Amino acid sequence: MNIKNYINGQNENPINNEWIDNYCPANGEVYGKIPNSSKADVENAYNAAKSAFPVWSQTTFEARSRILIKISELLEANLQRFAEAESKDNGKPISLAKTVDIPRAASNFRFFGNAITQFASESHESVGQEAMNYTLRQPIGVVGCISPWNLPLYLFTWKIAPAIAAGNCVVAKPSEVTPMTAYLLGNICNEAGLPKGVLNIVHGLGTTTGQAIVEHPGIKAISFTGGTETGAHIAKVAVPMFKKLSLELGGKNPNIIFADCDYESMLETTIRSSFSNQGQICLCGSRVFVEASIYDRFKIDFIAKVKQLKVGHPSEESTNIGALVSKTHLEKVLNYIDIAKNENGIVLCGGNKVIIKDFENGYYLEPTVIEVLTNECQINQEEVFGPVVTIMPFNSEDHVLQMANKVKYGLSATLWTNDLKRTMRMSSQIQAGIIWVNTWMMRDLRTPFGGVKASGIGREGGFEALRFFTEAKNVCIKY
Ligand code: TXE
């Protein structure tokens, strides 16, 4: 199927009529084309957004909210169709697309549809000066949203929903690797009554289409999720243009397991935090540190459980690990396994490609556990973003804290312990934007989401996202 751009409420071919192949990771075959959009398509999308802005920004909160909630309901009504499309495009198990990706995309619209009706601005009475200040929270105008391939519709809507809820008009680009559900979303928006031009979706490569969005002088804010290098490049372009910038980048998150934890619950969750979505989630706990006294027991039990995971075709309900997103990405992950071996890492299980009958060219990889001797090695310092975790023992709280922080990233961390004082100490000292204690990826959409260090700048989620997508303007009245 050929995907089209969604501009001014219409499905459009790219102006240059150039196309890119769209691959199905489960079998490695091309199954459609996507627009290789140029600057001219981005310009059209921008013009549509600019024209829609005066009316949309003055539309009441109730009316905006109703439309966002309608989009959410339509996504829920089309759950099966969207989940199948997501699984085919990305390689993720259908069970995951059905229970996580698409329901969460629907929640994003519902959540921000409700949040905008509760979003208040501040007032400050200057007592003794006979003056009153109030802060207006005004939409920015036309904003750009650029999202990655790992959680395609989930992360795309995580940006778009707050942007339009706050009264902005959007030029958005999903990853060229997984464009399908963003394409399907256009028709849903029309059906929900979203006025034309409020959301425009342009498909294409990051270096051309994405770059054109970032460089566009009329696009005043960029919300980006993706790799750290790309984020740094975007910042170089956008900062001298004084654009508002939100960057949610990579992670190399520690999963810290103390001997006093609830062992079974830790084991179950550690399987998820290591291998969910083929390990292609920025929040995955890819560095597992285990207190020395339970290290041997953990090693045996963990590997036994990892070996039970079924690598299979994404469309099968029983599949735990589907295909990686692309051939290039599979090669990158395999290369990291080689690097780990060369630096004396011991592959305890996995490490090889999996050939599935009838789908021999699919991008399948065994879930892989590597024992490392030090946190300083490359496999522990760089983001692999695949079904690969390292494990190593630690002796003391100080030792593990130091290793947890000795990495360039700072997105999330998981702690497994029942010691309250230790929880409080460690949570305050770990350098990360998100800490989970005795759980992983438990999300409340009101909470701030984002990282420190090379994991990005800014926070998404709840009112943080609505603050990002609005400009604060103070009005001071002397009476
Ligand atoms: O991401 P890119 P890639 C990490 C992960 C992965 C690595 C590279 O380690 O292996 O990043 O992945 C668009 N101007 N994460 O190369 O390139 C691009 O088209 C504007 C972590 O696939 O960052 C896509 O829409 N846009 C991560 C989006 O950026 C540009 C999720 C992300 O792609 C652009 C994904 C440019 N110059 C990968 N260049 C997470 N934080 O969850 C590219 N893009």
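Quick note: the coordinates plus some simple rules give every number you see, no bench work behind them. Keep in mind that this is a model prediction, so the values were computed, not measured. With ideal geometry, Cβ positions are generated from the backbone for all residues, glycine too; neighbour counts draw on all protein chains shown.
Distance from a point 7 Å along Cα→Cβ of residue 191 to each backbone N in the range 75-92: keep the residues under 13 Å and list them by number.
75-83
So what are the radius of gyration and Dmax for the Cα set of the range 95-238, in Å?
Cα only, the range 95-238: 17.5, 62 Å (Rg, Dmax).
Amide H to amide H, which residues 5 or more places from residue 133 or on other chains are under 5 Å from it, using H placed in the peptide plane?
Those lying under 5 Å, H to H, from residue 133 are 124, 125, 126, 477.
Taking θ as phi - 60°, what are the ³J(HN,Hα) couplings along the range 412-429 by the Karplus curve (6.51, -1.76, 1.60), each to the nearest whole Hz, with x for Gly and Pro?
Each residue's phi maps through the Karplus curve to give 9, 8, 10, 10, 10, 6, 10, 8, 5, 5, 5, 4, 5, 4, 5, 4, 7, 9 Hz.
Residue 252: net charge of surrounding residues, Cβ under 11 Å, Lys/Arg +1, Asp/Glu -1, itself excluded?
+2
Expressed in nm², what is the orientationally averaged projection area of the convex hull enclosing the Cα positions of the range 1-155?
Its average projected convex-hull area is 12.3 nm².
In bins 10 Å wide, starting from 0, what share of all Cα pairs of the chain does each bin hold, as a percent?
Per 10 Å bin, starting at 0, the Cα pair percentages come out as 4, 20, 29, 25, 15, 6, 1, 0.
Does a label point 7 Å from the Cα of residue 51, set along Cα-to-beta-carbon, have any residues of the range 217-248 with amide nitrogen under 19 Å, and which are they?
218-219
Apply the Karplus curve 6.51 cos²θ - 1.76 cosθ + 1.60, θ = phi - 60°, to the phi angles in the range 442-448 and return the couplings in whole Hz, x for Gly and Pro.
Rounded to whole hertz, the list is 7, 10, 10, 5, 7, 7, x.
Rounded to the nearest Å, what's the spacing between the alpha carbon centres of the range 386-401 and the range 119-173? Just the number, please.
38 Å
Which aspartates and glutamates does residue 332 reach when only Cα atoms under 14 Å apart count, and residues fewer than 8 places away in its own chain are ignored?
382, 383
In terms of modelled amide H atoms, which long-range or inter-chain residues lie less than 5 Å from the amide H of residue 370?
348, 389, 390, 391
Quote the FRET efficiency, to the nearest 0.05, computed for residue 239 versus residue 293 with a Förster distance R0 of 35 Å and r equal to the Cβ-Cβ distance.
Result of the calculation: an efficiency of 0.15.
Could you work out the helix-only [θ] at 222 nm for the chain, with each DSSP H run of four or more residues adding -39,500 (n - 2.57) and the total divided by the number of residues, to the nearest 500 deg cm²/dmol?
One gets -12000 deg cm²/dmol as the mean residue ellipticity at 222 nm.
Calculate one ³J(HN,Hα) per residue across the range 449-455 by plugging θ = phi - 60° into the Karplus curve 6.51 cos²θ - 1.76 cosθ + 1.60, and present them in order as whole Hz with x for glycine and proline.
Each residue's phi maps through the Karplus curve to give 10, x, x, 10, 6, 6, 8 Hz.
Take the alpha carbon atoms of the range 387-478, find their radius of gyration, then divide it by 2.2 N^0.38 Å using N residues; give the quotient.
Taking N as the residue count of the range 387-478, the ratio is 1.40.
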